Structures are given as structure tokens and as C-alpha cells.
1. In whole percent, and with a 1.4 Å probe on the protein chains, what portion of the accessible area of the chain is carbon and sulfur?
2. Rounded to the nearest 0.05, what FRET efficiency do N101 and W244 give with R0 = 30 Å and r taken as the Cβ-Cβ distance? Could you check?
3. Using a probe radius of 1.4 Å on heavy atoms only, what accessible surface per residue do you get for the chain? Whole Å² is fine.
4. Taking N as the number of residues in the range 132-274, what value does Rg over Cα atoms divided by 2.2 N^0.38 Å take?
5. With every protein chain left in place and a probe of 1.4 Å, what is the accessible surface of V55, to the nearest 10 Å²?
6. Please list the helices of the chain that count as membrane-span-like by this rule: a mean Kyte-Doolittle hydropathy of at least -1.0 together with Cα atoms stretching 24 Å or more along the helix axis, each helix being a complete DSSP H run.
7. Using heavy-atom solvent-accessible surface (probe 1.4 Å) with all chains present, what is the largest-first order of H126, H226?
8. Given a 1.4 Å probe and heavy atoms of the protein chains only, how would you sort D112, D178, largest accessible area at the top?
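The values are calculated or read from the model by the stated rules, or taken from the named source; none is laboratory data. Fair warning: this is a prediction, and the values are worked out from it, not measured in the lab. Don't worry about glycine lacking a Cβ; one is built from the backbone with ideal geometry, like all the others, and counts go over all protein chains shown. Keep in mind that these areas ignore ligands, DNA and RNA; they rest on the heavy atoms of the full protein, side chains included. Shrake-Rupley method; radii C 1.70, N 1.55, O 1.52, S 1.80 Å.
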Amino acid sequence: MQGNFFSLPKDLYKNRRLLLKMGGNDLRKRFAGSYFGTVWAFVQPIVTILVYYFVFGVAMRGGSSASGGTPFVLYLVAGIIPWLYFQEGLTNTTNAFLEYNYLVKKVVFDIDILPMVKLLSATVVHCFFILFVAILFVCYGYFPTVYYLELFYYAACLFLLILALSYITSSVVIFFRDLSQIISIVLQVGVWLTPIMWEENMLSGYSWGEMVLNILRLNPVYYVVHGYRNVLINKTWFFEEPLWTLYFWIFLLVTFVFGNWVFRRLKGHFADVL
């Protein structure tokens with residue numbers, strides 16, 4: 001059991017150089033043949049942010065600030081940037097073995113790294129948007145503080161969460177192709193169940209508001225979205241919420257162990273189905 005548990009991290013570390021090379025190639029390949037190339041990887045999220053801001057910040061709120069006086073555009077981008085990373089990362093990694101099916105069929109190739117390859121290309125885009133958010137905050141007079149160091153922590157949390165989930169979804173989707181559509185629907189609903197376009201205090205006026213929030217907080221992505229806002233807006237450390245942090249890491253560990261088990265059980269049948 002111990003050997004199985006550590007086999008996946010060991011395989012990823014052993015192939016780290018190949019991972020970095022394939023991750024860069026994957027990002028370029030996605031937009032091969034287009035005039036602007038990888039620029040499109042950054043254009044689409046920016047357009048999404050602008051549309052959400054116009055609808056929820058201008059049309060519905062009249063340009064008013066979020067609670068605490070924070071400009072709504074800053075509240076929005078602080079939450080939507082980690083969500084877009086999660087959305088793109090999970091979608092891409094789910095289809096990793098399907099997209100690289102020609103490598104899955106090669107006996108000598110270590111297919112363990114393929115979900116990580118897809119995740120690395122999404123991570124490059126996310127790093128750009130972290131920088132974009134930091135510059136946007138400076139433009140509004142919110143300058144970097146020591147709390148910005150926590151961005152590495154929360155980005156790592158999201159990276160590991162996507163990776164853990166990917167070994168479940170990418171393995172199962174080979175045998176159940178409808179899973180891709182199910183994940184797409186879950187992500188469409190999830191963005192509304194996570195306080196990205198709306199604020200948590202909107203539920204405070206209802207008797208059942210706190211109960212609903214506690215249920216929504218069971219979503220591990222909620223922890224990361226909340227964390228990004230704590231870094232950029234609220235200026236608090238992750239260890240100031242120890243129980244929530246403990247819940248996230250327990251969830252992550254259980255998901256990783258289960259994902260590793262699913263992957264190992266199904267791996268031997270991938271080539272037969274593909």
C-alpha cells in the first residue's frame with residue numbers, strides 16, 4: 001500500500017524535465033495555426049472578466065463598491081481568477097488520456113505524467129493572471145503587501161486539488177465519455193454556487209443563510225477563492241482559519257489517495273478501450 005501511495009509522486013518527479021517540455025509544447029499546440037497563437041489563451045479569460053464585470057458590477061450594481069468599500073471589479077477578479085484556473089485545469093486534464101491516446105498505446109511511455117502536462121499549460125496562464133490582478137490592484141491604489149506571499153500557498157492548493165481530481169476524471173472518462181459533459185455542467189453550476197459574482201453577506205439577512213453558506217463551504221474551491229480574497233483584500237493569513245484549512249487538506253489527501261487508486265486500477269485497460 002505504501003508503495004502504491006508514493007508511486008505516483010515518484011513517477012511525476014522522475015519525469016519532471018519531460019513534464020516541463022511537454023507542458024510548454026501543449027500550450028503552443030492548442031493554438032497552432034492561429035495568427036495570434038497563445039495570445040488567445042489570455043484573451044478569452046479577460047473577455048469573460050469584462051462581461052461579468054459589466055453585467056454584475058455596472059448593469060446590476062450601478063458601479064457601486066463591494067462591502068468594505070472595495071471596488072467591485074477587484075472583488076470580482078480576486079475570486080474569478082482561481083475559478084478560471086480550476087475550470088480550465090480540470091477540463092483539460094480530464095481529456096488528457098483521450099487527447100494523447102497515441103502515447104497511451106505506447107508500452108514504453110509513462111502515461112502517469114499526461115494529466116500533469118495539461119495542468120502545467122493551464123498553470124502558465126494562471127501565473128500571468130496573478131500578475132495581471134496584482135497590477136490591477138496597484139492601479140486602484142492597493143499595493144502589494146507581505147500577504148501576497150500566500151498567493152503561492154493558495155495557487156499550490158488549487159494545483160494539487162486539480163491534479164488529485166484529474167487522476168479520477170481522466171481515468172473514468174475513457175470508459176464513460178459522458179463524464180466530460182457532466183463536468184462541464186457541474187462547472188457551469190459551480191461558478192454560481194461559489195461567491196464570485198455575489199457576496200457572502202447577501203445571505204446574512206435570511207434565517208437559513210448561515211446554514212447554506214456552511215454547505216457551500218464544503219466545496220474545496222470555495223476555500224481557495226476565499227483565500228485569494230483574504231490575500232488581496234482582507235489581509236489575513238490562512239492559519240487564522242485552522243479548521244477550514246484542516247478540512248481542505250484532509251479532503252485533498254483523501255482525493256489524492258482515491259485518485260491514485262482509481263488510476264492504478266484502470267490504467268491497464270486504457271489501451272484496450274482507446
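1. 69 percent
2. 0.15
3. In whole numbers, the chain has 51 Å² accessible per residue.
4. Values: Rg = 18.2 Å, N = 143, 2.2 N^0.38 = 14.5 Å.
Relative to the 2.2 N^0.38 Å estimate, the range 132-274 comes out at 1.25.
5. For V55, solvent-accessible area is about 60 Å².
6. Answer set is 72-94, 114-139, 150-172, 242-267.
7. The ranking, largest first, comes out as H226, H126.
8. Values: D112 0, D178 90 Å².
Reading off the accessible areas and sorting them downward yields D178, D112.
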